[in-house]
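Working notes, structure below.
None of the figures in this text is laboratory data; all of them are computed from the coordinates on show. Computed from a predicted structure; not experimentally measured. Glycine also receives a Cβ, built like all others from the backbone with ideal geometry; neighbour counts cover every protein chain displayed.
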Amino acid sequence: MLNWTDILGLVAGICTTLSILPQIRKAWKTKKVQDVSPFMFGILMLGVFLWVIYGFTQNDLPIIATNGISLGLNAFMLYLMIRYKKGK
């Protein structure tokens, strides 16, 4: 059963995980990604990956789940950036 700190962690993780969705939607619809920094997404993905590792070391499901999903969404955004980069 989840306690209040698990619920707090899940809500925080869900908020930060969902924050990428508007950017993905915009990139998907417009096929324009020139103003998005691939370097920033690389650093963000590294940080999220490290959070997943940390979650496993702490056996913390909210950290593992939300950051795992976030890593997948950010990887998809990076894919869109590569796919739609200028000149392609």
Per the filter on the range 63-88, residues farther than 17 Å from Thr17 by Cα and either polar (S, T, N, Q) or in a loop (DSSP other than H, G, I, E, B) (or both) are Tyr84, Lys85, Lys86, Gly87, Lys88
Is it the case, given these coordinates, that Thr17 is loosely packed, with under 11 Cβ neighbours inside 10 Å and of a type outside the set (A, V, I, L, M)?
no
Filtered residues of the range 13-42 (kept if hydrophobic (A, V, I, L, M, F, W, C) and touching a residue at least 24 places away in the same chain (Cβ under 8 Å)):
Ile14, Ile20, Leu21, Ile24, Ala27, Trp28, Val33, Val36, Phe41
